[in-house]
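The values are calculated or read from the model by the stated rules, or taken from the named source; none is laboratory data. These numbers come from a predicted model, not from an experiment. All Cβ positions, glycine included, derive from the backbone under ideal geometry; neighbour counts span all protein chains shown.
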Amino acid sequence: MSEQQVQEAVYTPAEAQEQPLLSVRHLKIWYELKRFGFLHAGYVKAVDDVTFDLPRGEAIAVVGESGCGKSSLMKAILGLVHPHDGQILFEGKDIWEGGNTAMREYRMKVGYVQQDPYGALPPFMTIRRILEEPLILAGMKNKEERLQRIIRSLEEVKVTPPDDFLNKYPHMLSGGQQQRIVIARALIRDPKMLIADEPVSMLDASVRVEILKLLDEVQKERHLSVIYITHDLSTVRYFSERIFVMYAGKLIEKASTREILDNPKHPYTWALLNAISDPLAENAKKLRDIPPGEPPSLITPPPGCRFHPRCQKAIQGLCEVEVPPHFSVAADHEVACWLYREEA
Amino acid sequence: MMIPSDDIQNKALVVEDLVLYFQLTHGIVQAVDHVSFALDKKRAVVVIGESGCGKTSMGRALTRLLPRNVNRYTGKVFIDGVETMSMDDETYRQQVRWVKISQVPQAAMNALNPVLKLKDQVMEPLLLHEKGVSQEEALERVHAVFDFVGVPDGFIERYPFELSGGMRQRVVIAMALITNPAVIVLDEPTSALDVLTQANIYNVLKRIKWEKGTSFVLITHDVATSSELADDVLVMYAGHMMEHSSAEAFFAEPLHPYARMLMAAVPKLYGEEELQFIPGKPPSLLNPPTGCRFADRCPFAMAKCQQEPPTFQLGDRLVKCWLYEKEADGIVTSPEALAGVSA
Ligand SMILES: Nc1ncnc2c1ncn2[C@@H]1O[C@H](COP(=O)(O)OP(=O)(O)OP(=O)(O)O)[C@@H](O)[C@H]1O
Ligand SMILES: Nc1ncnc2c1ncn2[C@@H]1O[C@H](COP(=O)(O)OP(=O)(O)O)[C@@H](O)[C@H]1O
Ligand code: SF4
Ligand code: SF4
Ligand SMILES: [Mg+2]
Ligand SMILES: [Mg+2]
């Protein structure tokens, strides 16, 4: 860590170091529901008042179940959907202020690894073509220069020797190799930030480890800021320093990875940890203690704490009425749960 | 018959030398290659291995749900004491499918008929296979089985699209369960689901096993989660069964080099070990190499490994690897030996 800071000091102005690379402020992503195509019928509140910072050179993970708003949060950060409210600041500037040119420049600085590796690569393009396209779009005119860049990039993701792969099509590659190409494409314009949405969930155990290790190496080497989105807490500790737990459109706990694993505070985080199996024979001998029910509708979420209908610790008269604020329970550990109103 | 018949009678499943090959224009895919194992009643065997190693094909071979391009389908499969491979398709359909063995195929929850109410879909196997069941009785059974797997009663009048993924998965499990088969084959039952939903489904499966005495063949690439149901573990690699052990023995110490390396790639929530991956990739099952199919990735490979290892028996464990030649109690070649290996 300290070594990285020294490195960073070489090329970053001092004041920029204080500033996180990305700041998300009270972000709301609401999708409008229409009846008959034009009558307002409510909103899907996929992201509802989310605030966090992504420091330079750090890998964070956003963890939550399907439908909790993870992908919507990412699309908003990529500038693909417009916030209903709130701000996304990149290097201190709102990504939506400054028009199309500014947005295009911003997107050049962000790499994206999408959820499904098998659908991610266009089947009719060669690997060379797939990696060349973003360079052409970025205005790199010299063909030879592009080729050199592509070769270096294939070497970085260890699809080697590059010559063997340049003219292949995606279906000729294994799932792991395809995912490496997706990563190469995300990195080829030297982004400052990488967003990886479930980058390994479709892969076999061994290939998953390969890809996690690759991402980890690239992140450290390039001093990249990474947002790793996943529903699987068990892979997080191999990659991210910090975890944000998301439930029903809200971040409900934020802490370092170690702290979340050793000292989780939110009842939903307890449930998530409790639901994960380490491979042990005794698992088969007992039922797991799991909260009943399913995540709520995001159109009419429950009032107060959104987890209250499933929470065994719910405090009557409080949890179903008031939205819990973020209480700080330790240095760098926040939790949105009324249980900690006195501790904080 | 060579196997003591009460041994077979007492097993939910006995598989001997099962082979399933597919024909392609340019060769033969050896998807399931001489697999033998036995499964006791009220137990679950989990079949684990990487994508493409033949897990789904093995499930299809057990339930005789075969594609058209079968090249070879041989061996013996005793389900609840009855040999099924020698039956013709019609007899199999009447006496075995749903009655003795039912299956939840990969992605079944997305394959429910969208225009049929859930009760009608779940009832169907019952009406087909239990002669003389009345509509009312069948409906009773649907209510009971929905209750057992935790689908709210009111849902029986609904259509699949009105349910969440987790609820649909419970419905397909209910459908497999309604005829009270001896064995249920589950292919990746929770891979598309969230962790809490997964854990809830495994709770349901455990209760079915304990309370109804059903046996399971659970096919999955998710090793950690498979431990929730596993009594036995069967490791497949490139169409071969590399190891068969009790879950206790396996999770404490896998024997086969592939199994060891696979376990080292499984992320764990706690503990300090680094994750390891297995360099290289599995061989093609289209004209696979002779000898041990893991040899080109195996750190212990030796000259002998160019010959295919037999399946060695060590106590109640089976392992297909030359490293165990000396300590082995014997080689599993004959059905008699197999019947003695009651997992
Ligand atoms: N009908 C078929 N014709 C030819 N080859 C087939 C056929 N069905 C499966 N295969 C091949 O047989 C091998 C085993 O496939 P199978 O579906 O059993 O794997 P699996 O272990 O279930 O994989 P996954 O984890 O991806 O579901 C693969 O190489 C596959 O491509
Ligand atoms: N374009 C859209 N229009 C309406 N609802 C949407 C849209 N995209 C996502 N949603 C809804 O928003 C919620 C959050 O979705 P998403 O962000 O994809 O979650 P996750 O990635 O965590 O699974 C879900 O209820 C989803 O159905
Ligand atoms: S705020 Fe109340 S309902 Fe919500 S998680 Fe905490 S205790 Fe449970
Ligand atoms: S038989 Fe040989 S190559 Fe195969 S797993 Fe055993 S030691 Fe390795
Ligand atoms: Mg998503
Ligand atoms: Mg399969």
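Quick notes
- Restricting segment A:32-74 to residues that are touching a Phe, Trp or Tyr at 6+ places or on another chain (Cβ under 9 Å), of a type in the set (A, V, I, L, M, F, W, C) and within 14 Å of A:ILE195 (Cα to Cα), the residue that is nearest to ligand 3 (Cβ to nearest atom): A:VAL63
- Filtered residues of segment B:224-250 (kept if surrounded by 24 or more Cβ atoms within 10 Å (Cβ to Cβ), outside any loop (DSSP other than H, G, I, E, B) and within 7 Å of chain A (Cβ to nearest Cβ)): B:THR225, B:ALA247
- Residue pairs whose Cβ atoms lie under 8 Å apart, sitting 6 or more positions apart in sequence or on different chains, and linking a residue in segment B:319-333 that is β-branched (Val, Ile, Thr) to a partner that is in a helix (DSSP H, G or I), are B:ILE331/B:ALA337; B:VAL332/B:LEU338.
- Per-region count, segment A:243-265, residues more than 12 Å from A:GLY69 (Cβ to Cβ) and either assigned to a helix (DSSP H, G or I) or of a type in the set (D, E, K, R) (or both): 9
- Test set (1) surrounded by fewer than 22 Cβ atoms within 10 Å (Cβ to Cβ); (2) within 24 Å of A:ALA196 (Cα to Cα); (3) more than 12 Å from every other protein chain (Cβ to nearest Cβ) - A:ILE243 fails condition number: (1)
- Only one of A:THR126, A:THR160 that is surrounded by 15 or more Cβ atoms within 10 Å (Cβ to Cβ) and free of Cβ contacts under 8 Å to residues at least 60 places away in the same chain: A:THR126
- Hits in segment B:292-321 - residues which are more than 25 Å from the chain's Cα centre (by Cα) and in a loop (DSSP other than H, G, I, E, B): B:CYS298, B:PRO299, B:PHE300, B:ALA301, B:MET302, B:GLN307
- Residues of segment A:59-72 that turn out to be more than 14 Å from every other protein chain (Cβ to nearest Cβ) and either modelled with pLDDT under 95 or within 16 Å of ligand 1 (Cβ to nearest atom) (or both), as a count: 1
- Criterion: among the hydrophobic types (A, V, I, L, M, F, W, C) and over 28 Å from A:LYS220 (Cα atoms) - qualifying residue of A:VAL62, A:VAL50, A:VAL110, A:VAL44: A:VAL44
- Flag for A:SER297 being facing chain B (nearest Cβ under 9 Å) and either part of a loop (DSSP other than H, G, I, E, B) or under 28 Å from A:GLU210 (Cβ atoms) (or both): no
- Picking from residues in segment A:114-130 that are assigned to a helix (DSSP H, G or I) and within 16 Å of ligand 1 (Cβ to nearest atom), the one that is modelled with the highest pLDDT is A:GLY119.
- Extreme residue, nearest to the other protein chains (Cβ to nearest Cβ), among residues of segment B:137-186 that are touching a residue at least 40 places away in the same chain (Cβ under 8 Å) and polar (S, T, N, Q): B:GLN169
- Test for B:ASP231: is it of a type in the set (D, E, K, R) and touching a helix residue (DSSP H, G or I) at 6+ places or on another chain (Cβ under 8 Å): yes
- Single residue of segment B:42-55 satisfying the filter (farther than 18 Å from A:VAL207 by Cβ and within 13 Å of the chain's Cα centre (by Cα)) that is surrounded by the fewest Cβ atoms within 10 Å (Cβ to Cβ): B:ARG43
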